[in-house]
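Since the structure comes first, as structure tokens, the remarks are kept for the end.
Values quoted throughout were computed directly from the atomic coordinates according to the rules given, and no laboratory measurement underlies them. These figures come from a predicted structure and were not determined experimentally. Cβ: placed from backbone, ideal geometry, glycine included. Neighbour counts: every protein chain shown.
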């Protein structure tokens, strides 16, 4: 019997993780999410489920990077060239995918490399796209990102920050769009990632297993029901799924209209100064997250409640800026800054 | 992609120093490029990428970290070789950068060999290629722009010296400015094109100012008094070599040009010195605690008296700890290490457990573990990084002609090697490859060595806050290890036994926590500690033969308990030291014995182990711990 993806709305608990994922698919410019926590806490289930929740999008037919025909600023070389020559780009409907990057991935597979087959057959150089190409406009899921080779993490986060993958290797020189929602997971007990890399993640959440026995039982029940009869299980959650899908779409449409008051901006600025965060990514992510939260709630103005909630997602991993520093978020400072 | 939609230079809030430095190098390519250091999220890359629209000649060429050597310097043209059998040159990034700006983000993560090659080309203005059977040279006049986060690693003083200008990017500390940053980023995110239109006029004016300044620089004459002034600045800053003077004059010309003048004023030189001198000033004093100070725009309004008095120098670059002398902050702790002047005071019978703080002001210590006997297998690898040709891991950096079997084929290099001979070979495919064409990949893995710290935590170490300094030294070594992606493990010995506090791990954070919580107290079971270390090293070797492990023993050598509680602590310790020496592992002994009457056991142990020997005092004076393996 065919089994489908576990419905997002059927995941018990883990509200912060779910919220962080939802916010990122509404507003991919938030910069992804890092999920810290032990094994078996529905991390990868949630990531696959969120992709399944999203409605189809338009993509240029035959394009290796699934360019968005309505987004001229981020077309690949090929699509941009065709548009320039006045060619209409035929499009089709595709679904957002979860592209996985295994820990053993080598750099050439990540960024792309020389197409060996083509070179041997035709004596010509051709670029063979890698995982970053597949990830364009999709979700890139890196399980145990802290175990990934450092140089792979470097190129990964570089591409994530730029939205572009630039390749200069093995005889090929190529550049293509690589805009994706980066979701990384890690178990902090197995080694950390560098604070500078942490800062590149927009949001972070810490997940733990449910402790409430009743909740644990519910997790098991649902899992068994899902495995026994997926179709029936999916039916139970269909309306909830559709509702959430619609809410995400509504939020996406509302997002550009959401405003922030000057008072709110200076509140965030003061908070960042008080916490002494590195650079400006914290403030920027904080305000963007608040705006996205407002959009999700259907409001056209972000407020201090949104900031408070956003702080939980955007700040904790930025508190530990240097190696070896204890990184606790001072909530009294946050509250004090938000009181004014 | 997205060309013309970069965040506009003029729209960046604050960072006046970084902006000025970038305008200087845009205006005068002879100013030697610029290195920007700063914590993450301070618009370093944003500003550099935005320079493209201000430059008249073709903008910026970016060198990604994943670049292989052939792509940087150029290589044989595959298509031409196949079709015509001719060995033609296919230009690399340096050729593309000719007459433009070359931008390397995270330049401190770039391989040293590649970086040196690039800087050589920048110096000469010519790229010389001798590879893959081709010999080629082409003009390559470019301005180097690098950005780096000092927390990620350092550049050597020699490399720093190649950059004309140096500038620190800091964070904004003014709430209104921070709010404005958010406002602009939000507006840009919403509609990059509309945002660019909003700033088009400012951008145009800025570009015009640069163009005019360029023209003025051409006409600016430097008279003798100015040259003398430049020489004075540099000699008072104690700069090595004569690059500094030239860069100083060129930067000053750019500053004058940007101010609309075609003649130099002493103030131009003063301002130029703020950028040209900080990274090449060799000074006696440099406050250098590990955390970078809060700093936004210290040089916004330069005070003439700031320069170049050596005590009032702009802060030395945070990224050059190898260059710096011990920090002045250490003076307070000096007494802890200058115990030699004090009457003997050790307290081996001290049975109380105490937990010393980590002395975080301990001067940074770098581990130099480039073991000379390994050079030949490590050729082509970066700082303390291992090239392992038997494992197909790590970054592919170059290729070579293997003497034996090929285990990790470099397809691109193999194809290029085979290409020129295709017309004579025939065959079914477009390319017919013979065994002699096969090339092996050289990979670099950034993960470094394994450092096993064996720490004496006995009561005698706790005396006179000695442990605070010891922890400071280890902490400093851990920081260096962190930057170089080393693995660490930690064993502590005290009372009657040795304990593996931390099995070898990549998580240096955990090591730091162990260090923090490590109490001192009780006897000194040095032999137990060494025995445990030997066991760890054997396990490590079984796991991974290729791994380079270094044992760092920190002790005062006052062994007063033997193996299994035996009486002869020193004899047992010496015997085990000899065993460790025989095992061939690289060792370092840091002797913390500072009492007036020295027993010198640690020195004997070091001799038996064939270890490099340092006293804690030396370690606080020397910033580099050279782990050279002495002959046993």
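Odds and ends about this structure:
- On Cα atoms only, tilt of A:281-296 relative to the major axis of chain A in degrees: 80 degrees
- Quick note on region A:152-229: its Rg to Rh ratio, both from C-alpha atoms and Rh being the Kirkwood radius, is 1.18.
- Largest GNM mean-square fluctuation among A:247, A:295, A:311, using chain A with Cα springs under 10 Å: A:247.
- Whole-angstrom gap from region B:105-149 to region A:281-298, using each part's C-alpha centre: 42 Å
- Our analysis of region B:119-209 gives Rg over Rh at 1.13, with the two radii drawn from alpha carbon positions and Rh computed by the Kirkwood formula.
- Kirkwood Rh in Å, taken over region A:202-311 so that all alpha-carbon pairs contribute: 16.8 Å
- FRET efficiency, residue A:109 to residue B:83 (Cβ-Cβ, R0 25 Å, nearest 0.05): 0.25
- Residues A:36, A:97, arranged from fewest to most other Cβ atoms within 10 angstrom of their Cβ, appear as A:97, A:36.
- Length available on full extension from residue B:598 to residue B:112: 0.36 nm per residue minus the Cα-Cα distance, which gives 170.7 nm.
- Using 0.36 nm per residue and subtracting the Cα-Cα separation, the extra length available between residue A:218 and residue A:235 on full extension is 4.3 nm.
- Spin-label pair residue B:208/residue B:120, simplified geometry with 7 Å Cα→Cβ offset, distance in nm: 4.5 nm
- Among B:54, B:26, sorting on how many other beta-carbon atoms sit within 10 Å of each Cβ, with the fewest leading, yields B:54, B:26.
- Value of Rg to Rh for region B:61-169 (Rh from inverse mean 1/r over Cα pairs, i.e. Kirkwood): 1.02
- Between residue B:231 and residue A:274, the distance separating the two model label sites (each 7 Å from Cα on the Cα→Cβ line) works out to 5.8 nm.
- Cα-based shape type of chain A, given that a ≥ b ≥ c are square roots of the gyration tensor eigenvalues and the cut on a/c is 1.5: rounded
- Computed FRET value (nearest 0.05) for residue A:247 with residue B:500, which takes r as the C-beta separation and R₀ as 56 Å: 0.60
- Alpha-carbon Rg with Dmax, taken over region B:3-95, Å: 17.5, 56
- Among A:113, A:41, A:83: highest mean-square fluctuation, GNM of chain A, C-alpha pairs under 10 Å: A:83
- Label-point separation, residue A:88 to residue A:263 (7 Å along Cα→Cβ), nm: 5.1 nm
- Distant alpha-carbon pairs in region A:258-339 (separation over 17 angstrom), percent: 41 percent
- Between region A:40-95 and region A:233-267, the alpha-carbon center distance in angstrom: 21 Å
- Crossing angle, helix A:304-314 versus chain A [Cα axis fit, 0-90 degrees, rounded to tens]: 60 degrees
- FRET E, pair residue B:238, residue A:144, Förster distance 45 Å, beta-carbon r, rounded to 0.05: 0.40
- Among A:47, B:12, sorting on how many other beta-carbon atoms sit within 10 Å of each Cβ, with the fewest leading, yields B:12, A:47.
- Structure-based [θ]222 nm, chain A - -39500 (n - 2.57) summed over DSSP H runs of at least 4, per residue, nearest 500: -14000 deg cm²/dmol
- Computed over chain A with a Gaussian network model linking Cα atoms closer than 10 Å, the most mobile of A:159, A:231, A:135 is A:231.
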